[in-house]
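Notes for the one structure printed next.
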Amino acid sequence: MLEWLALKASELALRIKAGLIMLRGINDFINDYPLDEILLKAVKGKEGVYPFGELASYGAAILGSPINRRSNPRFLTIDDLILVPPAFTPKRLEKMAELLREPVFTDVNLEVNIGGLRSSMPLAVASMGSTDIASRYSIVIAKAAAKEGIPYGIGENVHTVRGYDKRLTHGHPSFKERVMAYLTNIDKYGGVFIQQNVEDAYDEHWNKVYSDKDLEPYINEGRVAFEIKIGQGAKPGLGGVIRMKREEAIKVKEKYHFLEDPEKTSRKEVERYSVPGTYTADILRGMIRLMRTSYPRAKVWVKVGPYRDVLDVIKVSYEEGADAVIIDGKEGGTGMAPSVAMKELGYPTIVGLIKIRRARLMGIDDKISLMLAGRLFNGAHIAKSRALGATAIYAGRPFIVAAMAKGEVGVRNFIEATRVEAQMVVSALGKYDVKDLAPEDVASLNRDLASALGIPYVYSSEY
């Protein structure tokens, strides 16, 4: 009897183990196979191209490329660099002699020139466009950025979709409301940069801005830049896309691409697509020359995505006298982009910093500002970028998050905290002007990254 019970117990144990193995197989399948992506497409059809579920819906999501997969890094980031303070600090001694006291972090000067615009620190608000979430918080971000003295961008399609000086869509400010909310609050620092895409050009956007009597005083002061958009980090090589209410889409039907006719669909919302624009080196040269001739009082900025030929874009822009080039890395934010674009197109932000470092080594001097964008949000990111050749960082999502949390006060708090962080780390490096940061202040936790940037690898026996 005991033997029989033992045999049955063994059989039961084996069956349980077999069942657990089967469950483990199911678990492995669920975890390792992209079921969520496939099921989303099966349920939503072509809308499944975008990463929106019930909680992360369009107009509420703040998207960017996923940098982690199952808690394992998918690619390297700026956080794989560290700042390395010295024990001997001759510049601190110089500052002490100047002040006749021991310097503290608040003595650090962060003032910089960004693309011809004077800024209180190496930080600019990215040119966010007409998406619902960017539009909803645009006024409070504009006011906060102006009062904190950092440049502020207005992105593509705002004029065409939201209206130039009159609102075309209920509850969303027009272009002019955005720009004047910023310009009427600036003091000695700041300036606005205004993006134009192909569809905006049909509405002669820059011409209207340049001839607008309300903006003329600021243009004369050199507070206005025009930004050419060649691409963005979240979807390089693709144009902008937003979801619009059907009745609003009908108004701009002739200017944009729609997968289905807004007048014929029964859907309440439809996707509106912008074209990416077509560029060659000669087209970019011609465009910069035309801008400098047609808008001589405006600065010229160029925003480019994580493209393999970005050094050529920098070279052409520098040769033609552009004031700034922004490299938007893979982690750059967006209101709406296909999942496959955020996962697979372009390279990480850290590669953009490698490109900037190479450009400086090639002789591209500080006559042109080179800016870095893509999941950058703190004082250490500013210091690392500056040390390796970037003029400033260019960010969007952090300002939206701060605005969602506490409105204009939240944005100002975020900027002020980032300012203090930057001052702290720069002073820790024994320097008291952000312009004194250099490659000596940075090291890498990754050997290949150290080699690409020409900086020490911290675990090397030679360091």
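As a rough guide to protection, the peptides 353-362, 136-145, 258-267 ranked by mean Cβ packing within 10 Å, highest first, stand as 136-145, 353-362, 258-267. When each full DSSP H helix of the chain is screened for a Cα extent of at least 24 Å along its own axis and an average Kyte-Doolittle hydropathy of at least -0.5, the helices passing are 2-32, 397-428.
Judged by the ratio a/c of the largest to the smallest principal axis of the C-alpha gyration tensor, the stretch 334-431 counts as oblate, that ratio being 1.5 or greater while a/b is no larger than b/c. Computed about its Cα centre, the charge dipole of the stretch 135-239 is approximately 360 debye, with only Lys, Arg, Asp and Glu carrying charge at their Cβ. With the highest mean first, a sort of the peptides 79-90, 429-440 on other beta-carbon atoms found within 10 angstrom per residue produces 429-440, 79-90. About the centre of its Cα atoms, the stretch 73-217 shows a dipole size close to 300 debye [charges on the beta carbon of Lys, Arg (+1) and Asp, Glu (-1) only; nearest 20 debye]. Available extension along the chain between Glu462 and Asp261 is 65.9 nm, counting 0.36 nm per residue and deducting the alpha carbon span. On the principal axes of its alpha carbon atoms, the chain extends 100, 70, 44 Å, with the longest extent given first. Highest mean first, the peptides 417-427, 399-409, 288-298 sorted by other C-beta atoms within 10 Å per residue fall in the order 417-427, 399-409, 288-298. Computed over neighbours whose Cβ is under 10 Å from that of Lys147, the net charge equals -1, Lys and Arg +1, Asp and Glu -1. Between Val420 and Leu100, the simple spin-label model (points 7 angstrom out along Cα→Cβ) gives 2.9 nm.
Restricting attention to the stretch 178-215, which trypsin sites (Lys or Arg not before Pro) occupy a DSSP loop and are surrounded by at most 16 other Cβ atoms within 10 Å? Answer by residue number: Lys188, Lys213.
Within the stretch 91-197, DSSP assigns beta bridges of which about 40% are antiparallel (rounded to the nearest 5). Spatial offset of the stretch 88-106 relative to the stretch 378-397 amounts to 24 Å, using the alpha carbon center of each. Modelled spin-label separation between Ala13 and Lys91, with each label point placed 7 Å from Cα along the Cα-to-Cβ direction: 6.8 nm. Counting only Cβ charges, +1 for Lys and Arg and -1 for Asp and Glu, the dipole size of the chain around its Cα centre is about 500 debye. The Rg/Rh ratio of the stretch 309-359, with Rg taken over Cα atoms and Rh as the Kirkwood radius over Cα pairs, comes to 1.04.
With a cut-off of 12 Å between beta carbons, the residues surrounding Ala395 carry a summed charge of 0, where Lys and Arg count +1 and Asp and Glu -1. Averaging the inverse of every distinct alpha carbon separation and then flipping it gives the Kirkwood radius. What is it for the stretch 408-463, in angstrom units? Over the stretch 408-463, the inverse of the mean reciprocal pair distance is 13.3 Å.
Other residues with beta-carbon under 9 Å from the beta-carbon of Ala380 carry, at +1 per Lys or Arg and -1 per Asp or Glu, a net charge of -1. For the chain, the share of accessible area belonging to carbon and sulfur comes to 55 percent (1.4 Å probe, ligands and nucleic acids excluded). The tail of the calculated P(r) for the stretch 331-385 beyond 15 Å holds 57 percent of all Cα-Cα pairs. A straight chain from Asp366 to Asn113 at 0.36 nm per residue would run longer than the Cα-Cα distance by 90.1 nm. Per residue, the solvent-accessible area of the chain (1.4 Å probe, heavy atoms of protein chains only, all protein chains present) comes to 47 Å². When the pairs Lys264/Lys343; Lys91/Lys435; Lys143/Lys406; Lys251/Lys330; Lys188/Lys406; Lys176/Lys251 are compared against a 23 Å limit on Cα-Cα distance, Lys264/Lys343; Lys251/Lys330; Lys188/Lys406 fall above it.
The values are calculated or read from the model by the stated rules, or taken from the named source; none is laboratory data. Here the structure is a predicted model, which means the values were calculated and not measured. Every residue, glycine among them, receives a Cβ derived from its backbone with ideal geometry; neighbour counts consider all protein chains shown. Side chains included, ligands, DNA and RNA excluded: accessible areas come from the protein's heavy atoms. Shrake-Rupley method; radii C 1.70, N 1.55, O 1.52, S 1.80 Å.
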